[in-house]
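In what follows, a structure is listed as structure tokens, so that the remarks can point back to it.
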Amino acid sequence: MMKYPKVTVLVTVKNMEGTIEKCVKSLLSLDYPNYRIFITDAYSTDRTFEILKKIKKRYPKKLRLEQFRGTIAAAHNYMISRANTEFVAMSDADCVVDRKWLKNLISAFTSNDIIASTGFCSTPKSAKRFQKLIGMELEDRFKHAKNFVLRGPTMNLAVRTKFAKEIKFDEKFDVAQETDWGYRLTKLGKMAYVPKAIVYHYHRSTLFSFLKQHGFRYGKSAPRLYLKHFSKAKGDHLTKQTILLQEYYFWIFCLSVLISFLYNYFILSIILSIPLLFLYIYDILRFTKNPFHIISFIFIYFLRNIAYTIGMLVGIADLIIKR
């Protein structure tokens, strides 16, 4: 018979009035007998905190609610430092969790060397068309994960609290704090991947917001991340090798375009665009054969490469200035 250790479920939120009620309601409906929810609101300027206060009144013993000014990493460190349960679990304010999500995450802790678990991130049926399109590619990354992984997103994660307290989030990261945290955490033990532990994530709803997050902001964090974890620059189950190869070939393509303009030799850039296009199509065909989707993702991938490169240049400049 499965044991049900005490768990504190952590959620950080800011300006998520469109999804926060769905998120909290799903957490309150979990098929798990021994947990509490701890939410920090980063002083939202929309109705998020008002919605949370109303829910808090209905579930005063189940839900702990505070306002916290700081980064996501700082908020997680704050909540973990105050957790007194054997495990902490995490999800995001733009997610809805499956009813058995927590039970499945905790079921992975079958030995002492397993110190964390993570699960599958899907897309809600009620998501918008663009969110579902983006979800196809993001879901594909989880479908190829092995039994043990190097990291998991904070939208779907459980950790033994004593290790979470020991390996704190690096508050210098604006994004990718969960990636850095996972890499450092799994030096101490294993992180199990549990496909049945499902959360439904409302992805970025517009092309601009997607490129800002998955392109520019991730690119900006990359120099700091890979300076700390150089060996991880080859990728993992979430940052696929094909994604990194696309970026590397994109830089080569950009260099060829520059040379073509300087020396009026445009055939070079045309030739070097072929491997990049091949990498795009190879990756896309893993999860869709639909011609419309293929064309859409070629366009999205190319724009993501541009946004990531700009972000990376800003990140390098930021590191130089701060040093």
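FYI, it's all coordinate maths here, none of it is from the lab. The structure presented is a predicted model; accordingly, all values stated were derived computationally and were not measured. Note that we place each Cβ from the backbone using ideal geometry, even for glycine, and neighbour counts take in every protein chain shown.
Relative to the dominant Cα principal axis of the chain, helix 241-263 is inclined by about 30°.
First select every other residue whose beta carbon is under 11 angstrom from the beta carbon of V149; then total the charges, Lys and Arg +1, Asp and Glu -1. Within the 11 Å Cβ shell, the charges total +3.
Which shape class applies to segment 125-252: rounded if a/c is under 1.5, otherwise prolate when a/b exceeds b/c and oblate if not, where a ≥ b ≥ c are the square roots of the Cα gyration tensor eigenvalues? Oblate, because a/c is 1.5 or more while a/b does not exceed b/c.
Pairs K187/K228; K25/K168; K6/K62; K190/K232: which are spaced more than 19 Å apart, C-alpha to C-alpha? Where the Cα-Cα span goes over 19 Å, the pairs concerned are K25/K168.
DSSP beta bridges fully contained in the chain are about 35 percent antiparallel.
Which GluC sites (Glu not before Pro) in segment 164-240 sit in a loop by DSSP (not H, G, I, E or B) and have at most 16 other Cβ atoms within 10 Å of their own Cβ? Hits after loop and neighbour filter: E171. Partners of K22 within straight-line reach, counting aspartates and glutamates whose Cα lies under 18 Å from its Cα and excluding those fewer than 8 residues away in the same chain: D31, D41, D46, E50, D92, D94, D98.
In terms of other Cβ atoms within 10 Å, I114, I320 run from fewest to most in the order I320, I114.
The angle between the Cα long axis of helix 129-143 and the longest principal axis of the Cα atoms of the chain comes to about 80 degrees, rounded to the nearest 10. Among the listed values [x] 1.11; [y] 0.99; [z] 0.94, the one computed from these coordinates for Rg/Rh (Cα atoms, Kirkwood Rh) is [y].
Listing T12, T110, T309 from fewest to most neighbouring C-beta atoms within 10 Å gives T110, T309, T12.
Magnitude of the charge dipole for the chain, about its Cα centre and with charges confined to Cβ atoms of Lys, Arg (+1) and Asp, Glu (-1), is about 1080 debye. The distance from the alpha carbon centre of segment 19-62 to that of segment 240-297 is 44 Å, rounded to a whole number. Residues S122, S81, S231 in ascending order of nearby Cβ atoms (within 10 Å, fewest first): S231, S81, S122.
Rounded to the nearest 20, the size of the Cβ-charge dipole of segment 51-143 about its Cα centre is 840 debye, with Lys and Arg at +1 and Asp and Glu at -1. Note on K289: aspartates and glutamates with a C-alpha under 14 Å away, same-chain residues under 8 apart excluded, are E137, D140.
Dipole orientation for the chain: of the candidates V88, G70, F216, V88 has the Cα lying most toward the positive pole (charges on Cβ; Lys, Arg +1; Asp, Glu -1).
As I understand it, the value is the acute angle between the Cα axis of helix 72-82 and the longest principal axis of the Cα atoms of the chain; what does it come to in degrees, rounded to 10? So the inclination is approximately 20 degrees.
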